[in-house]
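Each remark here refers to the structure printed beneath this line.
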Amino acid sequence: MYVTTTIPYVNARPHLGFALEIVQADVLARHHRRRGEPVRFQTGTDDNSLKNVLAAEAEGVPVRELVDRNAAAFEALREPLELSFDSFVRTSRHPGHRAGVERIWKAVSHDLYRRSYEGLYCVGCEQFYPEGPCPDGHEAPLQRVAEENWFFRLSRYRDPLLDLIGSGRLRVEPAARRNEVLAFLRGGLDDLSVSRSAARARGWGIPVPGDPDQVVYVWWDALANYVTALEDDDHERWWVREPRKIHLVGKGVIRFHAVHWPAMLLSAGLPLPSDIVVHDYVTAGGRKISKSSGVTVDPVALVRAYGADAVRWWLLREVPRVGDADFTEERLVARADEDLANGIGNLVNRVVTMVHRFQDGHLTRPAGDAEAGGAGRDLVDVTRRAGRLVDAALEDYDFRRAVAAVQAIVEAANAYVERARPWGRPPAEREASLAVLVAACRELAVQLEPFLPSAAARVAAAVGGERLPAPRPLFPRLGR
RNA sequence: GCCUGCAUGGCUCAGUCGGUGAGAGCGCCGCACUCAUAAUGCGGAGGUCCCAGGUUCGAGUCCUGGUGCAGGUACCA
């Protein structure tokens, strides 16, 4: 499986919305690795965006300096968010990127032509609009600007794309998003301007091969990273032979990924991705997160305050498949205390404590069939089923459902403790019931791994080995 | 304007191909328990499944219209 995130432009530090995407990708990568499948998980940054140039100008620092500094902040998400990406691509630094973009440009040249483009240009947005006024409400009137650019015959790919996406050979998830793309395609496609004058781009970006006055449209530059980062054997292995190629993207960039990118690949004669998985946005206290408006949530600060477990858990447990998720620290704390401290942590703690109190920390016999067939039946069933439910949920990219399958073990185990009441039973029965519980906790650790890797390791350590370590709370209580 | 999606108990949400009396968690009330991080378990109250039509033996679940909200509308994860 080859799984990617989008590469964000780096005009600012990363925010919680990107953390959502990269944690989802991380879960998929860890899950498939655990099943023994080869996995390559890639992320990176879009260094060549004009927005980076504008941000640097606003700060009065060289573009190179700003881009390097902010890109480093994205790469540094690895530790706090416990990410397992295999490669981090920066479009201005990766050795093969520029050559790769040039190669693709040449491969699609049969679909390129020069045309003079005349449009209404908003200085505030630094972009063209087909008609006024500027949707962001900038004061300055739109200027009529004429520029000659390279155009790509996108219109040619409408029918092939309808077929690919409609048939599911190119899977767009969730279905609501697929329908959106199909509706857009049915509406028809215009050819696409795929270069900019180098002057307007401030000379930043990748020059068009054979036409140094133009730079490659930044989206083409950025999208290409999914293949340009794969060099030599890797290209063959991960882009040509690998059947499962998954792009995780935000809802705002669906068209680039489900329309422009596949069209580009078709034109270039390259294989297509298999899945495009679309997530919605995270809002902050009811307001849209936006770098420009200053409404932002710093995932690293959250991890410092509450820990990686709480942050990852919130992103996976609280964010619905369709619809924006509203983030507040109160919700993060409530979720973590309820599910992690009171749920997983308390369960493991009470089980380990009993093993110590009644068994001196070790079990002498495995869980017997009698216990598994009696009061422990539910627990054994739920535990046994959890792995399959996680598999199925992640096949649907339903992270919430996947996490719920893990939690079901905790609920069943707590219910079993109340029913079996190990403290009130004769020693042999007591040990049998504790053995069932310890087995459930071990499976819990296994199933938790893709979601909360370090916490899963702590659970495994707490219920592992001949003699269990002394009980210790696994998750701090964050509230109150 | 156009396009798309959403609208289920106080809050956050599940509800697969339409089918036995509509669900979960949180919050609230009560009970139980004491192994556990004032944790856990059980039970209860609480809903005209946005509105109006329609299809059907039967619709939260399909169709039409309306209302409200959100997003997109071509360089925002």
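The values are calculated or read from the model by the stated rules, or taken from the named source; none is laboratory data. If you're wondering where the values come from, they're calculated on a predicted model, not measured in any experiment. Cβ sites come from the backbone with ideal geometry, for glycine too, and all protein chains shown count toward neighbours. These area figures cover heavy atoms from the full protein model, side chains too; ligands, DNA and RNA do not enter into them. Shrake-Rupley method; radii C 1.70, N 1.55, O 1.52, S 1.80 Å.
Observations on the structure shown:
- Hey, A:LEU270 modelled with pLDDT of 90 or more and open to solvent by 30 Å² or more (accessible area, probe 1.4 Å) or not: yes
- Looking only at segment A:436-479, and only at residues there that are in a loop (DSSP other than H, G, I, E, B) and without any contact (Cβ under 8 Å) to a residue 40 or more places away in the chain, the one that is surrounded by the fewest Cβ atoms within 10 Å (Cβ to Cβ): A:GLY465
- Which numbered condition A:SER167 fails, given (1) modelled with pLDDT of 80 or more; (2) crowded, with 19+ Cβ neighbours inside 10 Å: (2)
- Annotation note: of A:VAL382, A:VAL406, A:VAL390, the sole residue that is assigned to a helix (DSSP H, G or I) and touching a Pro at 6+ places or on another chain (Cβ under 9 Å) is A:VAL390.
- Exactly one residue out of A:VAL380, A:VAL351, A:VAL410, A:VAL297 is out of contact with any Lys or Arg (no Cβ under 9 Å at 6 or more places or on another chain) and under 17 Å from A:GLU449 (Cα atoms), and it is A:VAL410.
- Filtered residue count, segment A:44-80, keeping only those that are in contact with a helix residue (DSSP H, G or I) (Cβ under 6 Å, 6 or more places away or on another chain) and at pLDDT 95 or above: 1
- Criterion applied to A:TRP204, A:TRP219 was being under 15 Å from A:ASN52 (Cα atoms) and touching a Phe, Trp or Tyr at 6+ places or on another chain (Cβ under 9 Å), and the one residue passing it is A:TRP219.
- For A:ALA402, the test of being more than 18 Å from A:ARG350 (Cα to Cα), surrounded by fewer than 21 Cβ atoms within 10 Å (Cβ to Cβ) and within 14 Å of RNA strand B (Cβ to nearest atom) is failed.
- Checking A:ALA12 against (1) more than 9 Å from RNA strand B (Cβ to nearest atom); (2) at pLDDT 90 or above; (3) of a type in the set (A, V, I, L, M), the condition it does not meet: (2)
- Selection status of A:ASP190, without any contact (Cβ under 8 Å) to a residue 60 or more places away in the chain, part of a loop (DSSP other than H, G, I, E, B) and of a type in the set (D, E, K, R): yes
- Unmet criterion (only one of (1) within 30 Å of the chain's Cα centre (by Cα); (2) without any contact (Cβ under 8 Å) to a residue 24 or more places away in the chain; (3) over 22 Å from A:ALA263 (Cβ atoms)) for A:HIS235: (3)
- Of the residues making up segment A:213-227, just one is among the hydroxyl-bearing types (Ser, Thr, Tyr) and more than 10 Å from RNA strand B (Cβ to nearest atom), namely A:TYR226.
- Residues in segment A:415-435 that are in contact with a helix residue (DSSP H, G or I) (Cβ under 8 Å, 6 or more places away or on another chain) and assigned to a loop (DSSP other than H, G, I, E, B): A:ARG425 only.
- Taking strands (runs of 3 or more DSSP E) as the structural unit, those lying wholly within segment A:1-117 and holding at least 1 residues that are surrounded by fewer than 22 Cβ atoms within 10 Å (Cβ to Cβ) and hydrophobic (A, V, I, L, M, F, W, C) correspond to A:87-90.
- Pairing each residue of segment A:325-353 that is farther than 20 Å from A:CYS441 by Cβ and among the aromatic types (Phe, Trp, Tyr) with any residue that is near RNA strand B (Cβ under 8 Å from one of its atoms) and in a helix (DSSP H, G or I), provided the two are 6+ apart or on different chains, yields C-beta distances under 7 Å for A:PHE327/A:LEU16.
- When residues in segment A:415-437 are screened for being of a type outside the set (Phe, Trp, Tyr) and within 22 Å of A:ARG388 (Cβ to Cβ), 3 of them pass.
- Residue identified as surrounded by 21 or more Cβ atoms within 10 Å (Cβ to Cβ), within 30 Å of A:GLU173 (Cβ to Cβ), touching a Leu at 6+ places or on another chain (Cβ under 6 Å) and not aromatic (Phe, Trp, Tyr) among A:ILE344, A:ILE409: A:ILE409
- Residue among A:ALA386, A:ALA393 that is farther than 23 Å from A:VAL352 by Cα and open to solvent by less than 10 Å² (accessible area, probe 1.4 Å): A:ALA393
- Residues of segment A:173-205 that turn out to be hydrophobic (A, V, I, L, M, F, W, C) and either more than 21 Å from A:ASP111 (Cβ to Cβ) or loosely packed, with under 13 Cβ neighbours inside 10 Å (or both), as a count: 8
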